[in-house]
Amino acid sequence: TCQLKMQKEKNMKNMVKILIGFQGDPGKVTLWGLSSGAQYVCNLLVSPAAEDLFHRAVVQSCTDLNNVRQVHGSCKVNAVKPMSSMEALMGGHFHRVPVLLGVTEHDGLGKCELEQTFLHDVRSRADFKELLQEEFGDKAEEVFSHYWSSLPDLSEAHAVHKSLSLLSNDLWYFAGTYCMAEMTALHGRNDV
């Protein structure tokens, strides 16, 4: 069997000792994460093994929740995280703790993130339009106008980079945060 329960108890005891040493309240543990750290917080929100380890969570600019894979290890995967964060949130399988969600305006890394997502090398306005056509179909021109028209007087290379940054920010960070807010609100908390 997995030694996860024993490790969880040991970690909790260590955390309680540390909190007491700082005059903290072990009954009011808040997890906070930014970007990939927020992804870790999301993993803990849906992990059965993390039950009762924390009492609040702050998720700042979480990346694409649908791409959060199951945790692999030497013990049973289902004991740690039986499904992706998105599946767990959609099914209401998460710890009912207060969650503060946020996203910053300039999170998107742009070109490198979108190339990982869409597997495209976008170097020009035409490449950007082609990417949008493939991904958004009939909405491509509307999406293009939204991201490109806000960039007057930039060189084409700079406009491509900026457009990709804005798009990646929306796809990777804003969309994940919005979806997480929708799912946690839909399923609610037990004590509300």
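The values are calculated or read from the model by the stated rules, or taken from the named source; none is laboratory data. All figures in this text were calculated on a predicted structure; none of them were measured in a lab. Counting neighbours? That spans all protein chains shown, and the Cβs are built from the backbone with ideal geometry, glycine included. To get the accessible areas, we keep the full protein, side chains included, count just its heavy atoms, and leave off ligands, DNA and RNA. Shrake-Rupley method; radii C 1.70, N 1.55, O 1.52, S 1.80 Å.
Right, A159: open to solvent by 30 Å² or more (accessible area, probe 1.4 Å) and either of a type in the set (A, V, I, L, M) or farther than 27 Å from Q60 by Cα (or both) or not? Break it down into steps so the answer makes sense when it comes.
On the way: open to solvent by 30 Å² or more (accessible area, probe 1.4 Å): no; either of a type in the set (A, V, I, L, M) or farther than 27 Å from Q60 by Cα (or both): yes.
In short, no.
Is it the case that N78 is at pLDDT below 75, open to solvent by 80 Å² or more (accessible area, probe 1.4 Å) and over 17 Å from the mean Cα position of the chain (by Cα)?
Details: at pLDDT below 75: yes; open to solvent by 80 Å² or more (accessible area, probe 1.4 Å): yes; over 17 Å from the mean Cα position of the chain (by Cα): yes.
Yes: the conditions hold for N78.
I want to confirm something. Restricting to the stretch 124-144 and keeping residues that are within 12 Å of S163 (Cα to Cα) and basic (K, R), which single residue is most open to solvent (accessible area, probe 1.4 Å)?
Of everything passing the filter in the stretch 124-144, R125 is most open to solvent (accessible area, probe 1.4 Å).
When the stretch 162-189 is examined, which residues are found to be within 15 Å of L45 (Cα to Cα), of a type outside the set (S, T, N, Q), open to solvent by less than 30 Å² (accessible area, probe 1.4 Å) and part of a helix (DSSP H, G or I)?
Listed by number, the residues that qualify are G176, M180.
Given the conditions (1) at pLDDT 85 or above; (2) within 23 Å of Q39 (Cβ to Cβ); (3) surrounded by 19 or more Cβ atoms within 10 Å (Cβ to Cβ), which single one is not true for L100?
Just one mismatch for L100, condition (3).
Report yes if E115 is at pLDDT 80 or above and open to solvent by 50 Å² or more (accessible area, probe 1.4 Å), otherwise no. Before you say what the answer is, go through the steps one by one.
Values: at pLDDT 80 or above: no; open to solvent by 50 Å² or more (accessible area, probe 1.4 Å): yes.
Spelling it out, it is not the case that E115 is at pLDDT 80 or above and open to solvent by 50 Å² or more (accessible area, probe 1.4 Å).
Of all residues in the stretch 145-156, which are open to solvent by less than 80 Å² (accessible area, probe 1.4 Å) and modelled with pLDDT under 85?
Residues satisfying the conditions are S150, L151.
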